[in-house]
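A.B. asks: This is the structure I want to talk about, given as structure tokens.
The values are calculated or read from the model by the stated rules, or taken from the named source; none is laboratory data. For clarity, every value in this text was computed on a predicted model and none was experimentally measured. Using ideal geometry, Cβ is built from the backbone for each residue, glycine included, and neighbour counts are taken over all protein chains shown. For accessibility, only protein heavy atoms count, side chains too; no ligands or nucleic acids. Shrake-Rupley method; radii C 1.70, N 1.55, O 1.52, S 1.80 Å.
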Amino acid sequence: MAAKIFVTRPVPRAALDALAAKYELEVRSEDKPIKPEQLALACKDVEGLLVVGVRVTEEVLKAATRLRAISNAGVGYDNIDVAGCTSRKIPVTNTAGVLEETTADLAFGLLLAVARRIVLGDRYIRDDRWHHWQWNLLQGFDVHHKTLGIYGFGKIGQAMARRGRGFGMPVIYHQRRPAPAEIEREIGARFVDRETLFRESDFVSLHVPLTTATDRTIGAGELRIMKPSAFLINTARGRVLDEGALVEALERGLIAGAALDVFEREPQLHPGLHGKKNVVLTPHIGSATIETRFRMAQLAAENLAALLEGQRPANIVNPEVFG
Ligand code: DGY
């Protein structure tokens, strides 16, 4: 009998063709979160789980006694109890490699939108408030040649840095260890300590994964040393940033603005962010393009097939299960 696979949200069917040919596939029809107890029920006889935007908790893993492989359609995997998977020898993969450029496009778009007041301009016209050209209308801040600070210099951070270089921006970055010299040279980015990054950047863009080490790693201390003319961009995870501290920094004028695609308690918005004109908000759409979402679904399906066939895909996030 073919092994059962559960796909937690509807993704383009064509991306699943190869899986469907070999396995018994159940694709959930609702594109919304599912409660852990419902997911646990759905996973009872499942051997392969293709995770799209849902949480896989201990409760799910406990119920899914036949589960052999989990493939996450996303690069971040903080939605999955990886430690619980590893202790059960269940390999987990992600879709690193297909969404970095797309996410960096959005991050740079947010940077431009907040600095140049693009969203406010759109609203201004739609509200029928535009009656004549004005010298003082919606003056923003220059982007070109300003210093771009990248916090977390992985593939998305590097893609963001390249976009900044295209705008003539000096790029500095911080992460635990400097990147290889050839990457620094190719991109034209300079490693700095954490404090220098926040002090010297005109735009700080966050690109670290959410882990216990990065949980609310950016808070009052970092925001206080940023320039009052600086902007913060977050397309990583909401919880790497202390949202309360951000709201306070915006209210006290410690920074000039922020652009956020991710939030501490999605889809809830911190009430202090709601009415602020110097904040641009998008609903976690970093990788949301037709092409990239298709590639993510396809890669997640390929990873799952490889795992179920006993192979070790490149995108394994808990390689220790292979011993
Ligand atoms: C990712 O790939 O991690 C995106 O944020 C989608 O969850």
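A.B. asks: If I filter the stretch 65-97 down to residues being more than 10 Å from the ligand (Cβ to nearest atom) and within 14 Å of V7 (Cα to Cα), which single residue comes out as farthest from the chain's Cα centre (by Cα)?
C.D. replies: This residue is L67.
A.B. asks: Sticking with this structure for a sec: Of G168, G157, G149, which residue is at positive phi and not hydrophobic (A, V, I, L, M, F, W, C)?
C.D. replies: One residue alone meets the criteria, G168.
A.B. asks: Could you tell me whether any residue of the stretch 114-134 is part of a helix (DSSP H, G or I) and within 16 Å of the ligand (Cβ to nearest atom)?
C.D. replies: Checked the stretch 114-134: no residue is part of a helix (DSSP H, G or I) and within 16 Å of the ligand (Cβ to nearest atom).
A.B. asks: Taking the stretch 266-308 only, how many residues are among the charged types (D, E, K, R), within 14 Å of the chain's Cα centre (by Cα) and surrounded by fewer than 19 Cβ atoms within 10 Å (Cβ to Cβ)?
C.D. replies: 1
A.B. asks: Could you list, in sequence order, the residues of the stretch 63-101 that are out of contact with any Lys or Arg (no Cβ under 8 Å at 6 or more places or on another chain), open to solvent by 20 Å² or more (accessible area, probe 1.4 Å) and in a helix (DSSP H, G or I)?
C.D. replies: Scanning the stretch 63-101 gives V82, A83, T86, S87, E101.
A.B. asks: Does V56 satisfy the criteria of being open to solvent by less than 30 Å² (accessible area, probe 1.4 Å), closer than 23 Å to T211 by Cβ and free of Cβ contacts under 8 Å to residues at least 60 places away in the same chain?
C.D. replies: Taking the combined requirement at face value, the residue satisfies it.
A.B. asks: Considering only residues that are in contact with a strand residue (DSSP E or B) (Cβ under 8 Å, 6 or more places away or on another chain), closer than 28 Å to G74 by Cα and assigned to a loop (DSSP other than H, G, I, E, B), which ones fall in the stretch 143-187?
C.D. replies: Selection gives G152, F153, Q175, P178, A179.
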